[in-house]
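Colleague: Here it is, the structure in full.
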Amino acid sequence: MKHSKRLEALPPYLFADLERKIAAKKAAGVDVISLGIGDPETPTPQFVIDALASAANDPGTHQYPSNRGRPEFRQAVAGFYRRRFGVDLDPETEIIPALGGKECIFNINLAFLDPDDVALAADPGYPPYTGGPTLSGSQSVLMPLVPELGFAPDLEAISAEDRKKAKLMFLNYPNNPTGAILPDGLFERAVDFARENDVLVVHDAAYTEVTFDGYVAPSFLETPGAKDVGVEVFSLSKGYNMTGWRTGAIVGNADAV
C-alpha cells in the first residue's frame, strides 16, 4: 500500500506526537505537566448541555441542514459579533458554520491554493497553517514571529517572490503558542499588505475570549478594510470549554466565505 505524495510530505502531527511522548513518560511513572494541545479541564457550561439535550429531542434537528448550516446559528453568530466586536455580518452571505476552527483553516487552503501558490504562515503556529497547504498540493512560507515586534511577523521582510506567489496569510491573536496579544498596528499593516499583494488574510480567533488583566481582544474584522481582504475563524472550543463539540464558523468577506 503506497501513500500519496501529499501524505508522505506531511510531517507527523505535532500534538499526536506529544501525546505519545506524554503517555510513555506517564507509563514510566513520571508526573507530566502537558504542554500539548490546549484543552479546558472544566466542563462545558450546564445551560449549553441542556440546550443540546433539548435539541436532540427536536425532530427538526434530525435531518440535513442546508449547506450553509442552520439559519438560527448564523443569526446567533451575527448577533454575537455585533455585541462583542461591533462588527456587522450578513447571516446570509458572510457566515458559514464549521466543525470547529480546524475545518475552516484546512478547507480554505483547498479553496484558494493551486500548486504554484503559497500560504504565509505564522511561525511558531498552529500545525494546520502549514499542513493545510501541504495537503492541498501547494506550500507554506514561514513568517517568524519576532519578539522585538511583540511577536508579530515582519511583513516587510517577505520577499518579492513570496509576495507574488502568496494567496493566503494566517494570523492568530491572542497568539498560540507565544501568548502574545495583538501588537499595535499589525492588523492595519496586514490589511495594507493584502490589498497591495492580492492576499486573503485568515485570522484565527480561537482565543479572543480567553484574556486576562482587563485586556479585551479585538476581532480582525474591526479593522477598517478588513472585510474587503479577509476572513476570521471563530471557535467555541477554547472560550466556552467546548473543544469536543466541534462548533465554529468562518466569517467575513462574502466572496471568500
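Colleague: Enter the accessible area per residue of the chain (Å², integer; probe 1.4 Å; all protein chains in place). Before the final figure, lay out the partial values.
Modeller: On the way: 14390 Å² over 257 residues.
Per-residue value: 56 Å².
Colleague: Now, a different point. Relative to 2.2 N^0.38 Å, what does the C-alpha radius of gyration of the chain come to as a ratio? Two decimals please. All intermediate terms of the calculation are to be shown ahead of the outcome.
Modeller: Numbers: Rg = 19.1 Å, N = 257, 2.2 N^0.38 = 18.1 Å.
For the chain, the normalised Cα radius of gyration is 1.05.
Colleague: Shifting gears a bit: Compute the normalised compactness of the stretch 130-170: alpha-carbon radius of gyration over 2.2 N^0.38 Å, N being the residue count. Working shown, then result.
Modeller: Values: Rg = 11.4 Å, N = 41, 2.2 N^0.38 = 9.0 Å.
Ratio of Cα Rg to 2.2 N^0.38 Å: 1.27.
Colleague: Tell me which lysines have Cα within less than 26 Å of LYS21's Cα, excluding those fewer than 8 residues away on the same chain?
Modeller: The reachable lysines, counting only those whose Cα sits under 26 Å from LYS21, are LYS102, LYS238.
Colleague: Packing-wise, with mean Cβ within 10 Å as the measure, how do 206-213, 233-240 rank, highest first?
Modeller: Numbers: 206-213: 15.2, 233-240: 21.9.
Going from most to least packed, we get 233-240, 206-213.
Colleague: Let me ask another. Listed highest first by mean packing, meaning other Cβ atoms within 10 Å per residue, what order do 4-10, 143-149, 61-67 come in? Please report the intermediate quantities before stating the final value.
Modeller: Working: 4-10: 11.1, 143-149: 14.9, 61-67: 8.4.
The packing order, highest mean first, is 143-149, 4-10, 61-67.
Colleague: Let me ask something else about it. Run lengths n ≥ 4 of DSSP H only: what is the helix-derived mean residue ellipticity at 222 nm for the chain, with -39500 (n - 2.57) per run over all residues, to the nearest 500? Intermediate values should be presented prior to the final figure.
Modeller: Details: 9 runs with 87 residues, N = 257.
Calculated mean residue ellipticity at 222 nm is -10000 deg cm²/dmol.
Colleague: Along the charge dipole of the chain, Cβ charges K/R +1 and D/E -1, which of PHE151, SER66, ALA16 sits furthest on the positive end?
Modeller: Toward the positive end, the furthest listed residue is ALA16.
Colleague: Let me ask you something else. For ALA157, put the label point 7 Å out on the Cα→Cβ axis and report which residues of the stretch 98-140 keep their amide N under 19 Å from it.
Modeller: Inside the label zone: 119-126, 130, 140.
Colleague: On a straight-distance basis, which aspartates and glutamates could pair with LYS26 in a cross-link, Cα separation under 15 angstrom, same-chain partners fewer than 8 positions away excluded?
Modeller: List returned: ASP17.
Colleague: State the percentage of accessible surface on the stretch 132-237 attributable to carbon and sulfur atoms; use a 1.4 Å probe and exclude ligands, DNA and RNA. Each step should come with its number before you reach the end.
Modeller: Details: 2400 of 4630 Å².
Carbon-and-sulfur percentage of accessible area, whole number: 52.
Colleague: According to a simple spin-label model (label point 7 Å from Cα along Cα-to-Cβ), what is the distance in nm between LEU142 and LYS5?
Modeller: 2.4 nm
Colleague: Would you mind checking which residues have amide H under 5 Å from TYR173's amide H? H placed 1.01 Å from N; only 5 or more apart, or other chain.
Modeller: It is ASP204, by chain and number.
Colleague: Now for a separate question. Bin all alpha-carbon pair distances of the stretch 133-257 at 10 Å intervals from 0 and give each bin's fraction as a whole percent.
Modeller: 12, 42, 37, 9, 0
Colleague: Test of understanding: extend the Cα→C-beta vector of ASP39 to 7 Å, then name every residue of the stretch 7-33 with backbone N under 20 Å from that spot.
Modeller: Inside the label zone: 12-33.
The values are calculated or read from the model by the stated rules, or taken from the named source; none is laboratory data. Since the structure is predicted, the reported quantities are computational estimates derived from the model, not experimental observations. Note: ideal-geometry Cβ built from the backbone for every residue, glycine included; neighbour counts use all protein chains shown. For accessibility, only protein heavy atoms count, side chains too; no ligands or nucleic acids. Shrake-Rupley method; radii C 1.70, N 1.55, O 1.52, S 1.80 Å.
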